[in-house]
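A.B. asks: Have a look at this one before I ask anything.
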Amino acid sequence: MEYRWAATGLAATVMLAVAGCSTSPVVNDIAEPTTTTVSTSHTTTPPTPTIDPYLGLPLIDHVTWTSNVDGDRLLVFPTVAGRKTAAPDGEARAWQEVVALDGSADSPGMRDQFRCHWVWARLVAPDKPSWNLEPWRPDVGYDAVVAANCNPGGPER
């Protein structure tokens, strides 16, 4: 029996040592209560609101129709605000301005061409004088329009 107690005591001592506890004899049977304070409050600075400096300004200056060997073409001339705004609703507002200037532009294929110019041409060619939308181009969906560099059905001639 003594052997078992000693082995058990040794095992308990090893377990306490591994756990990081002291194996020294207990001097006081009553442990003093400890208090741990954990701070859950965080000091944060509220985000600085960003205001689009082009808010409320026209995004499209004018539109005009031309013809070339391929067919009719609507030239869309964006304003400086239309070229530089980062407003999340800018593209939708700009398209509304195009349609208000010429309602015949409102077709799915033309809408996707415009969206492609708004999203990509503004980055790649920010100073391009006009964005050209052609009603004769196939309506292939936005992803295919982007894959065709905004010109589904072939490059401009």
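The values are calculated or read from the model by the stated rules, or taken from the named source; none is laboratory data. What you see is a predicted model, and the numbers here were worked out from it, not measured in a lab. Neighbour counts are summed over all protein chains in view; Cβ atoms, including those assigned to glycine, are modelled from backbone coordinates with ideal geometry.
A.B. asks: Can you name the residue in region 41-83 that is over 24 Å from the mean Cα position of the chain (by Cα) and among the acidic types (Asp, Glu) and is also modelled with the lowest pLDDT among such residues?
C.D. replies: ASP70
A.B. asks: May I pose another question? With respect to the numbered conditions (1) under 24 Å from ALA86 (Cα atoms); (2) buried (at least 19 other Cβ atoms within 10 Å of the Cβ), which one is the sole condition not fulfilled by ARG137?
C.D. replies: All conditions pass for ARG137, except number (1).
A.B. asks: Taking the condition over 26 Å from ALA144 (Cβ atoms) and either among the small types (Gly, Ala, Ser) or surrounded by 14 or more Cβ atoms within 10 Å (Cβ to Cβ) (or both), does ALA100 pass?
C.D. replies: yes
A.B. asks: Please find, within region 85-126, the residue that is nearest to THR64 (Cα to Cα) out of those that are in contact with a helix residue (DSSP H, G or I) (Cβ under 8 Å, 6 or more places away or on another chain) and outside any helix (DSSP H, G or I).
C.D. replies: ASP106
A.B. asks: Looking at ARG73, ARG122, ARG115, which is the one that is surrounded by 12 or more Cβ atoms within 10 Å (Cβ to Cβ), closer than 19 Å to ASN149 by Cα, in contact (Cβ under 8 Å) with a residue 60 or more places away in the chain and not aromatic (Phe, Trp, Tyr)?
C.D. replies: ARG73
A.B. asks: For region 106-147, what are the residues that are out of contact with any Pro (no Cβ under 8 Å at 6 or more places or on another chain), under 19 Å from PRO78 (Cα atoms) and among the hydrophobic types (A, V, I, L, M, F, W, C)?
C.D. replies: Residues satisfying the conditions are PHE114, CYS116, TRP118, VAL119, TRP120, ALA121, LEU123, VAL124, ALA125, LEU133.
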